[in-house]
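Here, each number is a calculation from the coordinates, and none is a lab measurement. A quick note: this is a predicted structure, and the numbers were derived from the prediction, not measured. Here the Cβ positions follow ideal geometry from the backbone for every residue, glycine too, while neighbour counts run over all protein chains shown.
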Amino acid sequence: MILSIASAAITSAVLSSSSADPIAVATLIKPAIASPELAWAGLILCFPALAAVLCAVCGAMRVKSKLPGMITAIALIAAFVTTLSLYLTCHDGATTTARTIHLFDWITFAWRGESGDWTNFLAPFTLYVDSLTLLWMLFVTGLGSLITIYATEYMEEDQGKGYVRFFGGISVFLFAMGTLVLGGNLLLLYLGWEGVGLASYLLVGYNYDRPSAVAAAKKAFIVNRVGDLGLAFGIFLIWLNYGTIEYDALFQALADTTSSAGTTAANASEWSKAAIPYLLMLGAFGKSAQFPLHVWLPDAMEGPTPVSALIHAATMVTAGVYLIARTYPLFELQPLALPVVACIGCFSALLAASIGMAQYDIKRVMAYSTISQLGYMFLGLGVGSTFGASYHVFTHAFFKALLFLCCGAIMHGMGGQLDLRKLSGLRHVKGFRVTSWTLLIGCICLSGFPFSSGFYSKDTIIGAAFASDDPLFIFLGWVAIVTAGMTAYYAFRVWFRVCCGEVLYEPDLAAHAAPTANDAHGHVAPHDSANSQGGHAAHDFHPHGPRFAINGVLLVIAVGAILAALPSYLAEFAHQQNWIQSMVTDSSAVAGAGSSAHDAHAEHANHALSFTGISDIHTATSVVASAVGILGICIAAFFHLTNRKAADRLRHALLSNALTRWLPLAMENKWYVDEIYHVVLRLPAWAIGHVLHFSDAHVIDGFLVNGTARIPLHVARVFQPLYNGALQGYASTMAGGVALISAWVFWIWLQAG
Amino acid sequence: MSCFALTTINASTTMLMQPMPTLTLASTASDPATVNAALLVSALLFVCGLVGFLTRRNMIIMFLCTELMFQGAALAMIAFGNVHHDASGQVFVIFILTVAAAEAALALGLVVLLYRRRETLDSQAWNELKEA
Amino acid sequence: MDFATLSHASSIPAAFLLAADDTGVMTSPAAALTIACAISAAGLALIMQPGRQGIRTAGTVLALAGFAMLMVEVLARATPHGSDGSMPPVFPVVFGFITLFGAVRMITHPKPVFAALYFVLVVIATAGLFLLLGAEFMAFSLIIVYAGAILITYMFVLMLAQQSPVAGVGDAWYDRLPREALSAIVVGFVILATLSNAFFSPQAQSDRADTFERTELSGTVNAWQTLDAMPKLALASAQAAYVESLKSLKSSNDGATTSATTAAKIVALVPDAQGNRVRTRGADAFVMAQFADGTTIELALPVSALPTNSRHVGVELVSKFPAGLEIAGVVLLMALFGAVILARKQIELGEDERRELAGMRRFTIEGESGGTGAQR
């Protein structure tokens, strides 16, 4: 069914014009101004790097206090302040000019070809600062510092053991993320890309004595690697086709290419140019956990909660979105690339939302929610609304981080318990009030409740989907609306179950029994960890609420989540241009920023949502999406607030009916994607590995190497009887040798004479 | 005495016969037949000595066979000295004799010590330097 | 090639040898020698088998045949252009035969003392060959040193270390049985074939003949120079030559003999520009003899004035090989030291002995036990 729709979409996409004219795309991007006076912007990268080095020093000196955490927090706050001042410097008035800041020469290759002309490959360490960069860096550094402050308290149980390692990993991550976003060429982006992958591996595998954590870290790294292959090949082809990998030069080359018809680089071929966006897209899907490379993100929840919040919700997973936004002109050149992005994004959103509805671990629910929301962002990019995608990135960063941090606080205080069947009524538990209400704010934003930040950003995307003339995009828009309903359902399912109802909690005994599990923070008696091994009944468990650092950060981020909608408030009610939109307009993603022509589009009388009777497509979208969202909340309230047993009965009913049995099973088992990968990829690899192992051990090692070694042994055994110690035996051998040599010499003499 | 006279080739009629005829080098340069016979005998002596060394087990007889090889070498020296009308061959035989004597003394001393260890002169008794 | 003169020294197998034609080309000369060597080796192999007497007899016959073939072949090659009518070389053959007999007997005799005695026979026969080759000094010194000293030493040691024959068994088993005779014979055969082909190939033969002719003159000159190295003998020889020449002159003149004492006395020989007193002109030597009154005559030295072999060898040894002489002396000294060290006995001194040697008081009183006596 999907294939037929896709084929229809392909024909329609080829025939219809896309949202922007390719020729105009590249020329809209203004060339960057070289700004060496802004070299202090390099401090944004230096602060986290310095923090990493200092954490390593702390580790070497076996510091047992919270010093590494404080170092990292201070460094990140400094980076945030620097970013802010950079923004203020570059943003004069209404527009932001793009700037390149050359720090030092990193890679400069030049060689002479056969025809005698020089080819060069330049990758200087240059920062490319335009408004997209600044937008990203603001929330990356801001959230980074807040979450680090949260983590100083959250990880306190591990002081002296893994504390330093954790903050070292966080520092490395933020350095790499900064390089990814600030880098002025694709090689720096790749460097940051790999760096965040490495940091993710290190931090997910933080509890290295847990096999599940180690496996999850490996899975994350390996699945990312598949995507990195696509990114690497994409970069190669970009260089081959355009002769440069620096953003500024690339955009100018694109402008020249598209304005002058037909002349391309000497060794370009059409297929390699066409392949570029698909390869880049593969990289983006790997890093941002879209189908089929989404399998690593839920398992990555094995890492500590601050890691999940920072890396797997707010920053690293948005790198894919950033990549496509940054290289948007390349995507614009291929008519099929963006529809593919949209389709996959939408499909991932639907898939993840369906799985999230059936999970019991609240962190897993949030993980699938992340995949789903990232699908929305890719949908936004695909339908031509980079503004929508960036806005959703911005708001999603806040509310998803908030949701994860609340889950962490619950875990911290409830002895590691995350199963929503075993927690209830936390709203009324002493010390958990802040957590519950901030969780509510997060859920409101996630489900797109009217006038929340998620509402505005999601509806920008869906509105853009409906506003295009492409029937494929309209279909995707309807899918997105259904997914929004599912999102609202599972978000409030969590809240109603965990925070409402009668008070009920039990610690997670399995997690509590391991003294090194840093997420099991319940205390039986004050600081009596000797009792934590076994023999520890639930009724002795006293949850402790989070303290100042956690609560403070939760409040700050909640406020941020609310205020993330501020640009829309100002745009709607004060008629200023949406700040996010202005940031996107001044960047290389300008094509999707939505121009006034787009707003003119909105006045279309006949659009897909005309049945609502509202003429403005965006307003119509908002109404329909809100309605669906509130419907979802009501269903969740029914099943999980008022009538909890009804959920179980429904599930039973579905399971017992042979026709619908597959539905709950598939949703609970993640649609068996992991199992399919196991059979298709892992088993053959395992088999090949065994075959190769056998051939290596027996054929190469045994036969060739050892066999060759045995040849001298056997040859020696042939001659061994000569060495029997008898004097005359040796003498006769010597005499025989003399006889032979003399006979031979005589023979030669005879021949010569 | 008459047989010595037969070996002269360059019989000079002006030669004055002393009451005690002494053999002189130039006049007794031997004919090729003698030289050939001597060379053959030297080769045979050498080979007999070699074969004896390799087959006899008694250590003293083994050394005696090496002396036989010396004999062969000395004979060959003398024969070739004769061919070249040079006395260096005989001088070298003196050295051979010297070395043979020295070697015989030391070898016999060692053989006696060895005999004391094992109470036998069998050369097979000393085969400890073999592969295990 | 006249075989008749050689036939009395050859045995029947000689007739099978050497299909020679008058052009002098031998068909496969190497093969002939090699076959003879092979026959000799086979014979020796058979001789060395312990056990039945019949085999040993057959081996002896075979070895004799082989030896005979070899000898005939070798002597034939010595005079390839026809014999010059001199007598056939009986003595080399006889001495050679005795030598070989002694050698073979030495390596096969089960009793070691007999082997040593046969070695003495070998030495004597070899000395005979030395004499035939004109090296009389070496011949007799060989007998004195080898047979008289070295072999006697061997016999002493044999008597010391010999195990007496056990009744009923005979000699020691390791004397009766040869050790891997076959491989030794094969090695011997290869070496013999190589040596004989190398010595007696036509090329080598002609080389030797050339050398023989070429060095005759220089040899004679050399011999005269050794006389020059002995001034007193040279003077005496000159005097004798002078006397003889006077006698022959007188006898050719009037047949009467004159007393030798009436000859004038030569006081000195005048050296020539190089300092040689005995001067050579070609192969002849002459001296400038100076009389008491100062007159000099040129005096030809007869061939009999050539120094004897002993004197010749002596002068050569000292003048041409002084270093060798010294080193030989050192070698003998080292052998002496070595023999002394090898023959030392370890004597364990008792406590008393040691203290006495050190000049201290004895431990025990004379006659008491303990602390005294050298232990061996």
Checklist entry - Using the Cα atoms of the range A:276-315 to build a convex hull, what is its mean projected area in square nanometres? => result 2.9
Next on the checklist: Taking loop as defined by DSSP and a crowding limit of 12 other beta carbons within 10 Å, which trypsin sites (Lys or Arg not before Pro) in the range A:645-715 fit?
Outcome noted: A:R661
Next on the checklist: How far apart, in nanometres, would the label points at A:I676 and A:F573 be if each is projected 7 angstrom from Cα along the Cα-to-Cβ direction?
Outcome noted: 4.7
Next on the checklist: Let's test this: bin the Cα-Cα distances of the range B:45-123 at 10 Å from zero up to the farthest pair and state each bin's percent.
Outcome noted: 19, 38, 27, 12, 3, 0
Checklist entry - Once fully extended, how much extra length lies between A:I614 and A:L84, figured as 0.36 nm per residue of separation less the alpha-carbon to alpha-carbon distance? => result 186.7 nm
Checklist entry - Can you give the net charge of the other residues whose Cβ lies under 12 Å from the Cβ of A:H652, counting K and R as +1 and D and E as -1? => result +3
Checklist outcome for this item: Mean Cβ-within-10 Å packing, highest first, puts peptides A:424-433, C:52-61, A:324-333, C:286-295 in the order A:324-333, A:424-433, C:286-295, C:52-61
Checklist entry - Quick one: if the Förster radius is 30 Å, what FRET efficiency do A:A56 and A:V214 give, using the C-beta to C-beta distance and rounding to 0.05? => result 0.85
Item to check | chain A - charge dipole about Cα centre, Lys and Arg +1 at Cβ, Asp and Glu -1, debye rounded to 20 | outcome: 1920
Checklist entry - So how strong a dipole does the range B:45-123 carry about its Cα centre when Lys and Arg Cβ are +1 and Asp and Glu Cβ are -1, to the nearest 20 debye? => result 340
Checklist entry - Which of C:F291, C:V267, C:L249 sits farthest toward the positive end of the charge dipole of the range C:227-311, with +1 on the Cβ of Lys and Arg and -1 on the Cβ of Asp and Glu? => result C:V267
Item to check | Among C:333-343, A:409-419, the order from most to least packed when residues are scored by Cβ within 10 Å on average | outcome: A:409-419, C:333-343
Item to check | Two-site label geometry, A:L659 and C:A204: point separation in nm, points 7 Å out along Cα→Cβ | outcome: 11.6
Checklist outcome for this item: In terms of the charge dipole of chain A, which places +1 on Lys and Arg and -1 on Asp and Glu at the beta carbon, the residue among A:G442, A:H544, A:L182 farthest towards the positive end is A:H544
Checklist entry - So what's the back-of-envelope 222 nm ellipticity for chain A, counting only DSSP H runs of four-plus at -39500 (n - 2.57) apiece and dividing by all residues, rounded to 500? => result -21000 deg cm²/dmol
Checklist entry - In whole Å, what three semi-axes, largest first, describe the equivalent ellipsoid of the range C:227-311 built from its Cα gyration tensor (square root of 5 times each eigenvalue)? => result 22, 15, 12
Checklist outcome for this item: Between the modelled labels at A:Y360 and A:L336 (7 Å from Cα along Cα→Cβ) the distance in nm is 4.5
Checklist entry - chymotrypsin sites (Phe, Trp or Tyr not before Pro) within the range B:90-132: which are DSSP loop residues with at most 15 other Cβ atoms inside 10 Å? => result B:W126
Checklist outcome for this item: Partner shielding of C:97-106, taken as the mean number of other chain Cβ atoms within 10 Å, equals 5
Next on the checklist: When 1/r is averaged over all different Cα pairs and the result inverted, which Kirkwood radius in Å belongs to chain A?
Outcome noted: 28.3
Next on the checklist: Need one number for the range A:329-456: average projected area of the convex hull over its C-alpha atoms, nm².
Outcome noted: 8.4
Item to check | Amide proton proximity set for C:V278, modelled H, under 5 Å, gap of 5+ | outcome: none
Checklist outcome for this item: Rounded to two decimals, the Debye log10 I(q)/I(0) of the range A:59-159 (Cα scatterers, no solvent) at q = 0.14, 0.16 Å⁻¹ is -0.75, -0.84
Item to check | Links that overshoot a 19 Å alpha carbon limit, given the list A:K66/A:K161; A:K363/A:K670; A:K400/A:K458; B:K130/C:K345; A:K218/A:K400 | outcome: B:K130/C:K345; A:K218/A:K400
Next on the checklist: Cut-off 20 Å, label point 7 angstrom out along Cα-to-Cβ of A:V623: give me the residues of the range A:549-583 whose amide nitrogen falls inside.
Outcome noted: A:572-573
Checklist entry - So what's the range A:398-478 giving for Cα Rg divided by 2.2 N^0.38 Å, two decimals? => result 1.48
Next on the checklist: What does the net charge come to around A:K66 if you take all other residues with beta carbon closer than 12 Å to its beta carbon, with K and R at +1 and D and E at -1?
Outcome noted: -3
Next on the checklist: Between A:A716 and B:L129, what's the calculated FRET efficiency when r is the beta-carbon distance and R0 is 22 Å? Round to 0.05.
Outcome noted: 0.85
Item to check | Global geometry of the range A:32-118, whether rounded, prolate or oblate, following the gyration tensor of its Cα atoms and the 1.5 cut on a/c | outcome: oblate
Item to check | FRET efficiency, A:M70 to A:F104 (Cβ-Cβ, R0 25 Å, nearest 0.05) | outcome: 0.25
